[in-house]
Amino acid sequence: MKSYLKYLKGDPVIWVISLILLSFSLVTVYSFVPILVKMEGGSPIQYLYKHFIYVLIGFFAMYWIHLRDSKYFSQLAKLGFYLAVILLVYTLLFGSKINDAGRWIRIPFIGLTFQSSDFAKVAIIVYLSRLLIKYQDDLNDWRNGVFHVFWPPALICVLIVKDNFSTAALLFMICIIILFIGKMPIKKLLLINTGIILVGIMAVGIHKAAPALNILPRYQTWENRIFNKLDDDKDIVSNAQALNARLAINNGSVFGQGVGDGKLKEYIPEAYADFYYSSFVEEFGSFSAVLLVLLYLILLYRIIRVGLNAEKLFETYVCLGIGTLLLTQVSVNMLVCTGVFPVTGQNMPLLAMGGSALIMACVSIGIVQSIAYNQQKKSKTKTDNSFDAL
């Protein structure tokens, strides 16, 4: 392992965990796709091959990015933000619809789809980190500081919310956490949150008063998911997928049913993505689930460590934002599968099947590793200079 890791710079623990998760995803995707085969045809081998291509793209993206100087991320942050806005607007106007939600851009000629919000999440974290540095002395001033820092994440969330409320809400929460870490006054954060809640209530009111305007086309879906969660024991038909997810976890017991032997995964939509954790526990058991949680927690710890060791505040904000994003996605997937949260579309980073989500998770890890590698080079330079002085 050491002979291979010498080519991988940055934090070795992050590399080991990332490679373990990416490799293990090949096993689980092959095992968890029977429901997809049943609904869309094809064979497990076809989906495994497609996922393998995404894993290769993700790994090489992570490897290429981690060798770049971390100073370029700040320089390219604004370009990334505007590109994210363009992609989201294009998705709103011309996006391909899957499950009644227009979240995807279909890539010409190759037939693959890309979810623009996956790119936007990483882009806005990097850009917001840059803005916090630029306006760090004006965060008490609404006009000259707060407005400039707040409107980019607000715009991204508004463009996402129409077809993906959960992603918009989680991304907004992550941005608020970054703003808090960036020392924006708590009073201003509370006022911003209050304003967003009031705007949301007004939007719902307008939608209900004038449904013909259809300003919230997926509102009924959001409402159904919330009320179904509240009445999940009464309405078995509407909550079949959530109940099957919990039954799968119960069926897994301590050591699981074994790879490929899970039964309820064949009745859970998105068993390979949104309900990944349920399928995982059914086949590998609660003991393996605890190990999986530990892997993610160690990954988060190492990302935070890289961020806190950074010399530049921009790099600290980026690492903490990426760590929060990954942990949030993991937590929501688990909480949905265990019935704590209403059904929503957040998969497991580096594990679940999904092209753009997997690639952007790898890109975000690559950014962290670039920052870690930059720290290593500076530390080596200081050590060499110390020896030269002697």
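No value in this document is a laboratory result; all are computed from the given coordinates. None of these values were measured; they are calculated from a predicted model. Cβ: placed from backbone, ideal geometry, glycine included. Neighbour counts: every protein chain shown.
Taking R0 as 41 Å, what's the FRET efficiency between Ile201 and Lys50 from their Cβ-Cβ distance, rounded to 0.05?
On the way: r = 42 Å, r/R0 = 1.03.
For R0 = 41 Å, the calculated efficiency reads 0.45.
What order do you get for 325-332, 289-296 when each peptide is scored by the mean count of other beta carbon atoms within 10 Å, highest first?
325-332, 289-296
Can you list residues whose amide H is under 5 Å from Gly256's amide H, if they're 5+ apart or on another chain and H is modeled 1.01 Å from N?
So Gly256 has HN proximity to Gly285, Ser286.
Expressed in nm to one decimal, what extension gain is obtained for the pair Lys6 and Leu291 from 0.36 nm per residue of sequence separation less their Cα-Cα distance?
My answer for the length gained is 100.0 nm.
What net charge is computed for the residues neighbouring Ile57, neighbours being all others with C-beta under 15 Å from the C-beta of Ile57, Lys and Arg scored +1, Asp and Glu -1?
0
Can you list residues from other chains, or at least 5 along the same chain, whose modelled amide H is less than 5 Å from the amide H of Asp138?
HN-HN under 5 Å from Asp138: empty list.
What order do you get for 337-347, 257-267 when each peptide is scored by the mean count of other beta carbon atoms within 10 Å, highest first?
Packing proxy ranking, top to bottom: 337-347, 257-267.
Quick check on the exposure proxy: order Ser166, Ser288 from fewest to most C-beta atoms within 10 angstrom.
Ser288, Ser166
Residue-wise, which Karplus ³J(HN,Hα) couplings in Hz belong to region 348-355, taking 6.51 cos²θ - 1.76 cosθ + 1.60, θ = phi - 60°, and x for glycine or proline?
With the stated coefficients, region 348-355 comes to 8, x, 6, 10, 6, 6, x, x Hz.
Looking only at Cα atoms, what is the convex hull volume of region 10-379 per residue, in Å³?
Considering the Cα atoms of region 10-379, their hull volume per residue is 144 Å³.
Treat each spin label as a single point 7 Å out from the Cα along the C-beta direction, and report the Leu93 to Lys134 distance in nm.
Here the answer is 2.5 nm between the modelled labels.
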